[in-house]
Amino acid sequence: MTQIKNEMQYKAACDRINELLKIVGNDTPADDKNMLELDLISDLVADYEEEHYPIEAPTLIETIKLRLYEMGITQTKLAEMLGLSTARVSEIMTGKSEPSLKIGREISKKLNIDPAIVLGV
């Protein structure tokens, strides 16, 4: 099989992966036939999913929300960190307005978010 061509093949490949995961473990040698099959089928499934079920890059708002959650920070605390009013942060978080370049730079620094995400590129 060189590629998965349809949903039926995709589902069959996923089922086979699940079967192989019951057989193959971390201590299975790399040259074991089941490990080799698992690697091959996993690559095929990954290629199919990349084409048919792409994962889109997160938006700035999604990224900020995740980072706030990870850091245990509220929007009020973010407003303090950025030197903004809570209303301004709320506007950014709801998508009503975009952060200025200066605010975007501070968001990137203070929340350790890749500048490309802040800039939307």
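Each peptide among 18-25, 77-84 gets the average number of other Cβ atoms lying within 10 Å of its residues, and from highest to lowest they stand as 77-84, 18-25. This model, with +1 at the C-beta of Lys and Arg and -1 at the C-beta of Asp and Glu, gives the range 7-53 a dipole about its Cα centre of some 240 debye.
Extension gain for THR94 to ASN6 (0.36 nm times residue separation, less C-alpha to C-alpha distance): 27.8 nm.
For log10 I(q)/I(0) by the Debye sum over Cα atoms at q = 0.12, 0.13, 0.16, 0.18 Å⁻¹, which listed value, [x] -0.44, -0.51, -0.77, -0.97; [y] -0.66, -0.69, -0.75, -0.83; [z] -0.87, -0.90, -1.00, -1.06, comes from the coordinates shown? For log10 I(q)/I(0) by the Debye sum over Cα atoms at q = 0.12, 0.13, 0.16, 0.18 Å⁻¹, the calculated option is [y]. Helix 101-111 and the longest principal axis of the C-alpha atoms of the chain enclose an angle of approximately 60°. Here's the list of lysines a cross-link from LYS77 could span, going by alpha-carbon distance under 16 Å and ignoring same-chain residues fewer than 8 apart: LYS65, LYS109, LYS110. Nonpolar atom fraction for the chain, defined as the carbon and sulfur part of the 1.4 Å probe accessible area, stands at 53 percent. Ranked by the mean number of other Cβ atoms within 10 Å of their residues, highest first, the peptides 29-40, 50-61 come out as 29-40, 50-61.
Label-to-label distance, ILE55 versus ASP114, with points set 7 angstrom from Cα along the beta-carbon direction: 1.2 nm. Ranking of TYR69, TYR10, TYR48 by solvent-accessible surface, largest first: TYR69, TYR10, TYR48 (1.4 Å probe, protein heavy atoms only, all chains present). Entry comment: accessible area of the range 60-119 is 63 Å² per residue, from protein heavy atoms only and a probe of 1.4 Å.
The values are calculated or read from the model by the stated rules, or taken from the named source; none is laboratory data. Since the structure is predicted, the reported quantities are computational estimates derived from the model, not experimental observations. Glycine gets a Cβ as well: all are built from the backbone with ideal geometry, and neighbour counts include every protein chain shown. Remember, those area values only see protein heavy atoms, side chains included, never the ligands or the DNA or RNA. Shrake-Rupley method; radii C 1.70, N 1.55, O 1.52, S 1.80 Å.
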